[in-house]
Amino acid sequence: MTLADIATRAFSIEDLRRLTKNRLPRALFEFFDGGAEDEVTLRDNIEAFRRVRLAPKTLVDVSSVDVATELVGGPSAMPMAIAPTGAAGFGRHGADIAIARAAVALGIPYTLSTSATTSIEDVARAAPGRLWFQAYILADKEKLASLIDRARAADYEGLMITVDLPVGGKRERDFRNHLSFPIHYTPRNVLDFARSPGWALSMLLKGTPQMVNIRELNRGTLDGKKMLSTAGRNYDPSFNWTDLQRLRDNWPRKLIVKGITRADDAARLVNMGVDALVVSNHGGRQLDGGPATIDALPAVARSVSGRIPVLVDGGVRRGVDIVKACALGAQGVLTGRATLFGALAAGEPGAARALEILKDELTRSMQLCGARTIREIDQGLLFSRAGA
Ligand SMILES: Cc1cc2nc3c(=O)[nH]c(=O)nc-3n(C[C@H](O)[C@H](O)[C@H](O)COP(=O)(O)O)c2cc1C
């Protein structure tokens, strides 16, 4: 069966998640799917989207619907871009490029993670399109500056700074599963890996991927006793508003700040001159106990009041979630796991299938809501129990 055949067996993002679960060792699946501590925020991201109800307008001619829009100052085939997801290649070789190519083929922006398993330059060559580079605030400032320089040289349109990770979140599944990157083999995880022969064989034949952009930082092992992940030690917890201003002053292209849930932080970012912000809690992988992002969005959007684009991520699993996000004040969404599951289940055809599913559901939801363009999606589409 080809990857394209596998992809067409999925009719929802949940189908792609199930296909991924069946293909991967438990440790890897739980790394991609799981979150921090009790996973309260992770679950709430999805449940909060489900709690929002729409009030569909009827008797509108919806024979033609246009989902194309402007996103962070450029054209996009739909109000969506790809969120950065590190370590994707550990789930399937070439997953970064698979997602990037599917995104560029559709015509939406793609964000490459600092912790990607493909280099900044290789993605730019394989997927020429609207590319953003996500930078973690590394403790090694020279390394961080060189990554940003490389993104500039490779023509990335935007720099996305993730600010919700001064230290690594506590992801207990990874401790229990003995999972760290690079992968260190222990009796427990080898047994788990052996139960997924397809994945194990590809790792044996093609070699274990590496976080190539930060290869030299990534030495060491996960220290379960101290509950520290290797990656967690690479970040700079002292990074603050002054440091961000310096970054702003030195990066002339689009600067996007990701990881905001507070209205006052958002207002301050607008005054600082950032070009866009992402309401995000890192897909529930950092602070467990923060708000669902769709719940945090309205206050942030009110505070920004249209001065810069506000994006939101966390829990987008259906096209209708994009309608809800836009109705609540976002210019668009980012998808992390939805497109990641596509690529992990079935490579580039799988990533393309994830996008096709979300675009189809978005189009259909807009038709069912009487919205013909993205501009027509506004607060008026939100159902209010008070009947307002
Ligand atoms: C496996 C995985 C790896 C991630 N890696 C990064 C990363 O390297 N940088 C970053 O800013 N966010 C990272 N995130 C967070 C995503 O960018 C995004 O905020 C989150 O996945 C959105 O939630 P969703 O998965 O429900 O769509 C990662 C998320 C996952 C699931």
message: Rounded to the nearest 10 Å², what accessible area does Arg53 have for a 1.4 Å probe in the complete protein model?
response: 120 Å²
Positive-pole candidate from Asn234, Ala276, Ser76, dipole of the chain, charges at beta carbon: Asn234
task: Given a cut-off of 32 Å, name the pairs among Lys143/Lys170; Lys21/Lys359; Lys141/Lys359; Lys170/Lys359; Lys21/Lys170; Lys21/Lys57 whose C-alpha atoms lie farther apart than that in the structure shown.
output: Lys141/Lys359; Lys170/Lys359; Lys21/Lys57
field: Exposed chymotrypsin sites (Phe, Trp or Tyr not before Pro) absent: longest stretch of the chain, with sites in DSSP loops and at most 13 other Cβ within 10 Å deemed exposed
entry: 186-382
- request: Please work out how much accessible surface Thr162 shows to a 1.4 Å probe, ignoring ligands, DNA and RNA, in Å² rounded to 10.
  value: 10 Å²
query: How large is the dipole of the range 3-381 about the Cα centre if only Lys and Arg carry +1 and Asp and Glu carry -1, each at its Cβ, rounded to the nearest 20 debye?
result: 520 debye
query: Which residue, His184, His282, His93, tops the fluctuation ranking in a GNM of the chain built on C-alpha contacts under 10 Å?
result: His184
- prompt: Which listed residue (Cys369, Ile357, Gly347) has the Cα farthest towards the positive end of the charge dipole for the range 3-381, taking +1 on Lys and Arg C-beta and -1 on Asp and Glu C-beta about the Cα centre?
  reply: Gly347
statement: Expressed as a percent, the accessible surface of the chain that is carbon or sulfur, using a 1.4 Å probe and the full set of protein chains, is 52 percent
- request: Working with all protein chains in place, sort Arg268, Arg173, Arg92, Arg101 by solvent-accessible area computed with a 1.4 Å probe, largest first.
  value: Arg268, Arg101, Arg173, Arg92
message: If I stretch the segment between Asp360 and Ala200 completely, what's the gain in nm (0.36 nm per residue apart, minus their alpha carbon distance), one decimal?
response: 54.2 nm
statement: In deg cm²/dmol, rounded to the nearest 500, the helical mean residue ellipticity at 222 nm of the chain, built from -39500 (n - 2.57) for every DSSP H run of length 4 or more, is -13000 deg cm²/dmol
query: Per the Kirkwood definition applied to all pairs of different Cα atoms, how many angstroms is the hydrodynamic radius of the chain?
result: 21.1 Å
query: In sequence order, what are the phi-derived ³J(HN,Hα) couplings for the range 142-150 according to the Karplus relation 6.51 cos²θ - 1.76 cosθ + 1.60 with θ = phi - 60°, rounded to whole Hz, with x for glycine and proline?
result: 5, 4, 4, 4, 6, 5, 5, 4, 5
- line: In degrees rounded to 10, the 0-90 angle between helix 40-51 Cα long axis and the longest Cα principal axis of the chain is 30 degrees
- prompt: Nearest 0.05, what FRET efficiency do Asp236 and Arg176 give at R0 = 30 Å with Cβ-Cβ as r?
  reply: 0.60
query: Roughly what % antiparallel, to the nearest 5, for the DSSP beta bridges in the chain?
result: 20 percent
- line: Amide H proximity to Ile161 below 5 Å, modelled H, separation 5+ or other chain, gives Ala135, Ile256, Val257, Lys258
- prompt: By how many nm would the segment from Asp5 to Arg307 lengthen if fully extended, with 0.36 nm per residue of separation less the alpha-carbon distance?
  reply: 104.2 nm
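The values are calculated or read from the model by the stated rules, or taken from the named source; none is laboratory data. None of the values given here were measured: they were computed from a predicted structure. Note that we place each Cβ from the backbone using ideal geometry, even for glycine, and neighbour counts take in every protein chain shown. Surface areas here come from the heavy atoms of the whole protein model, side chains and all, with no ligands, DNA or RNA. Shrake-Rupley method; radii C 1.70, N 1.55, O 1.52, S 1.80 Å.
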